[in-house]
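The values are calculated or read from the model by the stated rules, or taken from the named source; none is laboratory data. Note that this is a predicted model, so its numbers are computed, not measured. So basically every Cβ, Gly included, is an ideal-geometry build from the backbone, and we count neighbours across all protein chains shown. Calculation scope for accessible area: heavy atoms of the full protein, side chains included, ligands and nucleic acids excluded. Shrake-Rupley method; radii C 1.70, N 1.55, O 1.52, S 1.80 Å.
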Amino acid sequence: MQPEAVQPSIRANAVIRNIKQLVTVAQQPIAGASGVLQVLDKAALAVYRGKIVWIGRDDEAEPLFLSTRQDGITIVDAQGTVITPGFVDSHTHLVFAGQRAEEFHLRRAGMSYAELLAQGKGILTTVEATRRADAETLLTLAQKRLRLMRDHGTTTVEIKSGYGLDRVNEEACLHIINNLKALEEESPSSFPQRIRVVPTFLAAHVLPREYRERRADYIKLVVEELLPSFVGLARFCDVFCDTEAFTVEECRKILSRAKELGYRLKIHADQLSPSGGARLAAELGATSADHLDFASDEDLKALRDTGVVATLLPGCSYTLRSPYPSARRLLDLGLTVALATDCNPGTSYCENMQMIIGLAMAEMGMSLEEALTAATINGAKALALEKEIGSIEVGKRCELALWQLEDYREIGYHFGVNLVQSTLTLV
Ligand code: NIG
Ligand code: FE
């Protein structure tokens, strides 16, 4: 039988076939609780120049795309895998040297993260190690972490500077982050596996030792020198607004200037104490406020009403042995919740978004559907990229995770192993 005429409007250069289940996470981001996800069985999708142009049943793909009238189409066999959007890990500190296992065990013996910070340990330990390392070493270390992320299903990752804390070292770290963009390599599956990198200048992470007696001078350096000269090297500006870090006033100064210069804003808010960070995020129209362990209902409502994404980082509660913030509370208040690894050597040494989804489901009251939404499209919104990535929809980029599963509902249930076979990103 002759195939039906090819729809002239659909032009594809790649067709992905043999998909057991396609979990689209479409029509999001979702504020508040999510219900069922759209799941297509035995699906296929077509891509043109990296953008999804058609989604449908596998047996409909043949007449549409395999007629002799369309040449040059690459057929990708998904090998009966389950496909979801690739994870969008919207909060990481990937560029660092050294490790802080000693502190991890000290905390197990009862010492708090804030006490360690106050003693000049914590972040400052990593600042020293990072300043000592050369650029090549830092790049190699970050690349290794990035590959691990990709192998666990991540296709977009935000990366912060913040362990340099002076002009030379912050600039070097931002260059490394930019050099990590579009990492593409051979992999056993031979699928193209790029990873999208979004750079953030974490201007005020902790007060550098050399400024201990000169706080105002450090803020001045950031506002007057670093922010203007790093325009173009970073999409976002972030600050750590908390006890032992920076006050609301200091953060307001930095972020207001950043906003004027065209950066988008993020805040480490209310992680260790009710610092006022969430309120500041709402006031300044930040793209996301992250952590939020101590945010009050009023703070959360302010975030909701100003459209700030609330990013939760369960790896920190796991590592710091602090109570997990309740995602349920945020969802019930109607916030848009994202999940991220916060991969860093102090509070969450984890590259694996599957682990984060597992923790969010086990400890924060999220359903699988909510956690998947939070780790994909809502993560994309936390990077202001929700129109481009984060779901599988016509018009979006083709950035996927391929899972070796019978059913997507095994995610979070079969735990402690990597369920992702590979990622697939077409350009
Ligand atoms: O997101 N809270 C501040 N920054 C990181 C921790 C960085 C570190 O301890 O090295 C965080 O938890
Ligand atoms: Fe962080």
Problem - Test for Glu171: is it more than 16 Å from ligand 2 (Cβ to nearest atom), under 22 Å from Gly232 (Cβ atoms), among the acidic types (Asp, Glu) and open to solvent by 50 Å² or more (accessible area, probe 1.4 Å) - result: yes
Fill in the blank from the handout: Turns out the helices (runs of 4 or more DSSP H) fully within region 37-150 with at least 3 residues that are over 30 Å from Asp166 (Cβ atoms) and either more than 16 Å from ligand 1 (Cβ to nearest atom) or of a type in the set (Ser, Thr, Tyr) (or both) are 58-65
Handout entry: Candidates Ala360, Ala380 - the one that is more than 16 Å from ligand 2 (Cβ to nearest atom), over 30 Å from Ala129 (Cα atoms), assigned to a helix (DSSP H, G or I) and touching a helix residue (DSSP H, G or I) at 6+ places or on another chain (Cβ under 6 Å)
Key = Ala360
Practice task
Would you tally the residues in region 381-427 being in contact (Cβ under 8 Å) with a residue 40 or more places away in the chain, closer than 10 Å to Val82 by Cβ and surrounded by fewer than 23 Cβ atoms within 10 Å (Cβ to Cβ)?
Solution key: 8
Problem - Restricting region 302-318 to residues that are surrounded by fewer than 23 Cβ atoms within 10 Å (Cβ to Cβ) and among the polar types (S, T, N, Q), the residue that is nearest to the chain's Cα centre (by Cα) - result: Ser317
Problem - Conditions (1) open to solvent by 30 Å² or more (accessible area, probe 1.4 Å); (2) within 16 Å of ligand 2 (Cβ to nearest atom); (3) under 29 Å from Leu424 (Cβ atoms); number of the one not met by Thr125 - result: (3)
Practice task
Sort out for me the strands (runs of 3 or more DSSP E) sitting completely within region 224-301 that have 1 or more residues that are open to solvent by 10 Å² or more (accessible area, probe 1.4 Å) and closer than 25 Å to Thr347 by Cα.
Solution key: 264-269
Practice task
Would you be able to say whether some residue in region 65-86 is open to solvent by less than 20 Å² (accessible area, probe 1.4 Å), at pLDDT below 90 and of a type in the set (Phe, Trp, Tyr)?
Solution key: yes
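Residues Thr336, Thr341, Thr373: which one is β-branched (Val, Ile, Thr) and open to solvent by 10 Å² or more (accessible area, probe 1.4 Å)?
Within the list Thr336, Thr341, Thr373, the selection yields Thr336.
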Exercise for the section: State yes or no: is Ala26 more than 25 Å from Leu148 (Cα to Cα), open to solvent by 10 Å² or more (accessible area, probe 1.4 Å) and touching a Leu at 6+ places or on another chain (Cβ under 7 Å)? Expected result: no
Problem - Complete set of residues in region 315-333 that are in contact with a helix residue (DSSP H, G or I) (Cβ under 8 Å, 6 or more places away or on another chain), more than 11 Å from ligand 1 (Cβ to nearest atom) and at pLDDT 95 or above - result: Tyr318, Pro323, Tyr324, Pro325, Ala327, Arg329, Leu330, Leu331, Leu333
